[in-house]
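Only the coordinates and a few stated rules stand behind these numbers; no lab work does. Since the model is a prediction, treat every value here as computed from it, not as a measurement. Because the Cβ atoms are built from the backbone with ideal geometry, glycine has one as well, and the counts that use them run over all protein chains shown.
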Amino acid sequence: MSFDQHGFVVIDKPENLSSARVVSQVKRTLKAKKVGHAGTLDPFATGVMICCVNRATRLARFFLGGDKKYEALLHLGIETDTLDATGHITSERHVPDCPETEIQAVFRSFTGLIEQVPPVYSALKHNGVPLYKYARRGKPIQKPARQIMILGLDITDIHLPYIQFEVTCSAGTYIRTLAADIGTALGCGGHLKKLRRTQSSGFSIADAMTLETFEGRATGETFSRYAVGLRKALRYMPEWTADRDLKNKIVNGVPLTQKDIILEKTPDQGNFIKIIDDGRELLAVIERNETAGKYHYCCVFN
């Protein structure tokens, strides 16, 4: 008998396990029809990984673009082809005894809106093929630089050749590229030694559970006791409760206008609105088209 409940499971991904393996393990444990994720982590990285179960997979898009926070360890003086500890060493240099003020100044130069070149060992695609496959064949493809936002970058410990730091950043940021770029700016190069994601799109490490804990709960508790429901997961979205007439319109796909939903937009809100029914279950997610005075259906849950 297949698993027919829906929601989000936040896993504290262990080291040396791919995101695909985590998804596969969650799916197998629950015997769910469909499980996806809302943002990968490299195999060597640990921390917050949002797994979407069954209908929750339709909401993954609303988490992929969210801000992330990481704890990271930079190892100065050694550069690798992958920019992290899993790669082959490409150069080794002496690490000068930099004063903390100089290190702090370099870190500050990487905050705000910056340009970042994606690593050649990444899941970004070229002609439908991941870049890491080209790199492994000895034919690396370099993508052009793109803008990212570093919202916060704080050094938590300096013990050369190691620098431990925390970073809050926009989606699409490569922390190993950031670490390597900082090493270059300090004049000795470097690579990312360790990485742990502590926050992702509103979920924190406090919300996460190990795979072992998850497996125990999956067999010993009801899904609703440890999973995050569809409505609750979209906690940042403004909410509107549908009456019977509005619910009928939504279920039947009738176009909606601003006469159907009168909800003022505040400066910190986007254009998405979650619609719930009288049982406080998620009915739909819609998007404002302020110019046309209409709403666009993103997804509907009958």
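Quick notes on this one:
- Computed log10 I(q)/I(0) for the range 78-174 at 0.11, 0.12, 0.16, 0.23 Å⁻¹: -0.43, -0.51, -0.87, -1.26, from the Debye equation with unit scatterers placed on every C-alpha and solvent omitted.
- Taken over the chain, the convex hull of the Cα atoms encloses 163 Å³ per residue.
- In a reduced charge model with +1 at each Lys and Arg Cβ and -1 at each Asp and Glu Cβ, the range 68-200 shows a dipole moment near 920 debye about its Cα centre.
- Applying a DSSP loop filter and a limit of 12 other Cβ atoms within 10 Å to the GluC sites (Glu not before Pro) in the range 150-232 leaves E221.
- Computed over the chain, relative contact order equals 20 percent, with contacts defined as Cα pairs under 8 Å that lie 6+ residues apart.
- Between amide H atoms placed 1.01 Å from N, distances below 5 Å from G47 occur with K13, R197, all of them 5 or more places distant or on a separate chain.
- Extending 7 Å from Cα along the Cβ direction at K34 and again at N289 yields two label points whose distance is 2.4 nm.
- Long-range amide H partners of I141 with built H, under 5 Å: A135
- All-pairs Cα distance distribution in the range 65-132, expressed in whole percent, bin size 10 Å: 14, 35, 39, 10, 1
- Among G190, L76, I141 the positive-end extreme of the charge dipole of the range 68-200 (Cβ point charges): I141
- Charge dipole of the chain (Cα centre as origin; +1 on each Lys and Arg Cβ, -1 on each Asp and Glu Cβ, all else neutral): 1460 debye, rounded to the nearest 20.
- Considering only I155, G112, I89, the residue lying farthest towards the positive end of the dipole of the chain is I89, judged by Cα position with unit charges set on Cβ.
- Phi angles of the range 72-83 translate, via the Karplus equation with coefficients 6.51, -1.76, 1.60 and θ = phi - 60°, into HN-Hα couplings of 9, 10, 9, 9, 7, x, 10, 9, 10, 5, 9, 6 Hz per residue; Gly and Pro are given as x.
- Relative to the current alpha-carbon distance between L64 and R93, full extension at 0.36 nm per residue lengthens the span by 6.7 nm.
- Within the chain, helix-based [θ] at 222 nm, where runs of 4 or more DSSP H residues each add -39,500 (n - 2.57), nearest 500: -6000 deg cm²/dmol
- Alpha carbon centroid spacing (whole Å) that separates the range 199-227 from the range 44-121: 25
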